[in-house]
Amino acid sequence: MKTLKMKLTCSSVIIAIILFIGCDDISMKPITSGSDAPGMITNISVENQPGQAVITYSIPKNQNILYIKAVYPLANGETREVKASYYTNKIVVDGFADTNEHTIKLYAVNRSESSSEPAEVTIKPLENPIWEVFRSLKILPDFAGVKIRGENPTRANIAVEVLEKDTLGNWQMMPSIYTSAMEFSRTNRGLDTIPYNFAVTVRDRFLNYTDTIYETITPFFEEKIDMSRFTELKLTGDAEKSPENPSLPGLSSIWMNAPDYKNWQRFMTGRSQTDPQFVTFNMNKEVKLSRIKITNFGESSGNVDFYVDGHMRVFEIWGLGKNELINGDWSDDWQLLGRFENIKPSGLPLNQNSSEDIEAGRAGFDYDFDTEAGKVQYIRIKCIENWVGTTWFQIQSIVLFGDTRG
């Protein structure tokens, strides 16, 4: 047995030596041999688009083509190379900052990596989408922060960079906005009620930048409301806790829960009622409210979706003053604090989500109340429509903000 092991060991060593010696003769080669260059691309046409162009062409026939390659310089001095499969007759050339004419060289490349002579075509891209976004930008004061609002009608992938001037006069980066949504409104919070200087610019993924706009704003005062004193009410018409899921907690969980999109212990109403459903609670103190942050349960066992089932898509929040709760129904003098729609940033259909959609869901959704609304003590949340077109709803947690002074 010992002799057999020694023979096997020796054989393995000999094979390894042969393979090592033979490695010098191994080299990476194209899929097929032969160096004959394919013919040139023909029948070229151009469709100019914002910041890019779509080039259509005819591929040389019967020449073992593997892909088509477009080569052109960018404004930053780099040479960009874009490839398209031989299964298509179109290629998109992008990354242009201006609307000038640009020369594109098109090559047909065969399976031996031999390239054709270049076919040159001139494009003249339309205005880069970053400029339309730039012209729509607004820098606005918000509660404890600065709000950046804008429009992105082409749904381009953009970044909005926000800078704040510090006390030494140096510009410091704040969190940027990365979006492809048609409209966006983001707030950077944690600011005092003193004047701040901000600068905002827009760029695309090719580092093409717009000009910069500057604004001085003073944030509005707000504080997190103490929710430990909140109590649940059961008024006329208020929705029942889900009888289909008796193990789930009651309404008080929405202010007792810490925001956690992975926490399945959330409040849920019953599914049988078809009219808009609502619930009511008492803050036990009159407050001038500024906004509400709602967190939904959206991630479990690898499944991530914040725009599904009973998550509220269209809803209203109503308030009632300290001494205005009389009949306990809608005949009381309720004031509308806001009607809201939860909009998926990507605009994708149900059950399809982009990374931006998921990021927004994990962060929680902020909704600003009407600044002209008065102080309220009683709150009513009313679901008009959920993400499946009915009216039952579920909430993992809420956080309320406002001004309790005076």
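The values are calculated or read from the model by the stated rules, or taken from the named source; none is laboratory data. Since we're looking at a predicted model, the values are computed, not measured. Virtual Cβ from ideal backbone geometry, glycine too; neighbours counted across all protein chains shown.
Can you report the number of residues in segment 175-193 which are closer than 18 Å to residue 290 by Cβ and not charged (D, E, K, R)?
Residues flagged as closer than 18 Å to residue 290 by Cβ and not charged (D, E, K, R) within segment 175-193 amount to 6.
Tell me yes or no: at least one residue of segment 132-140 is modelled with pLDDT under 95, polar (S, T, N, Q) and at negative phi.
no
What about residue 368, is it at negative phi, charged (D, E, K, R), surrounded by fewer than 18 Cβ atoms within 10 Å (Cβ to Cβ) and in contact (Cβ under 8 Å) with a residue 12 or more places away in the chain? Outline the logic, then answer.
Values: at negative phi: yes; charged (D, E, K, R): yes; surrounded by fewer than 18 Cβ atoms within 10 Å (Cβ to Cβ): no; in contact (Cβ under 8 Å) with a residue 12 or more places away in the chain: yes.
Spelling it out, it is not the case that residue 368 is at negative phi, charged (D, E, K, R), surrounded by fewer than 18 Cβ atoms within 10 Å (Cβ to Cβ) and in contact (Cβ under 8 Å) with a residue 12 or more places away in the chain.
Answer yes if at least one residue in segment 340-358 is outside any strand (DSSP E or B) and in contact with a Cys (Cβ under 6 Å, 6 or more places away or on another chain), and no otherwise.
No, because not a single residue in segment 340-358 is outside any strand (DSSP E or B) and in contact with a Cys (Cβ under 6 Å, 6 or more places away or on another chain).
So, in segment 301-310, how many residues would count as being over 20 Å from the mean Cα position of the chain (by Cα) and assigned to a strand (DSSP E or B)?
0
For residue 156, work out the one condition from (1) closer than 24 Å to residue 366 by Cα; (2) buried (at least 17 other Cβ atoms within 10 Å of the Cβ); (3) touching a strand residue (DSSP E or B) at 6+ places or on another chain (Cβ under 6 Å) it doesn't fulfil.
The single condition residue 156 does not satisfy is (3).
Taking only segment 154-177 into account, find how many residues are hydroxyl-bearing (Ser, Thr, Tyr) and in contact with a helix residue (DSSP H, G or I) (Cβ under 7 Å, 6 or more places away or on another chain). Quick ask: steps written out before the conclusion?
Filtering segment 154-177 down to residues hydroxyl-bearing (Ser, Thr, Tyr) leaves 154, 167, 176.
So of that shortlist, the ones also in contact with a helix residue (DSSP H, G or I) (Cβ under 7 Å, 6 or more places away or on another chain) come out as 154.
Residues meeting the conditions: 1.
All but one of (1) crowded, with 18+ Cβ neighbours inside 10 Å; (2) at pLDDT below 95 hold for residue 331; state the number of the condition that does not hold.
(1)
Got a number for residues in segment 151-201 being in contact with a Leu (Cβ under 7 Å, 6 or more places away or on another chain) and either among the small types (Gly, Ala, Ser) or within 18 Å of residue 132 (Cβ to Cβ) (or both)?
Selection size over segment 151-201: 2.
Give the residues of segment 179-220 that are among the aliphatic types (A, V, I, L, M), more than 24 Å from the chain's Cα centre (by Cα) and surrounded by fewer than 16 Cβ atoms within 10 Å (Cβ to Cβ), sorted by residue number.
194
As an exercise: evaluate residue 361 against (1) surrounded by fewer than 20 Cβ atoms within 10 Å (Cβ to Cβ); (2) touching a residue at least 60 places away in the same chain (Cβ under 8 Å) and give the number of the one condition it does not meet.
(1)
From the list 159, 181, pick out the single residue that is hydrophobic (A, V, I, L, M, F, W, C), in contact (Cβ under 8 Å) with a residue 12 or more places away in the chain and assigned to a loop (DSSP other than H, G, I, E, B).
When all the criteria are applied, what remains is 181.
Just the residues that are under 41 Å from the mean Cα position of the chain (by Cα) and either surrounded by fewer than 16 Cβ atoms within 10 Å (Cβ to Cβ) or in a loop (DSSP other than H, G, I, E, B) (or both), please, taken from segment 55-68.
56, 58, 59
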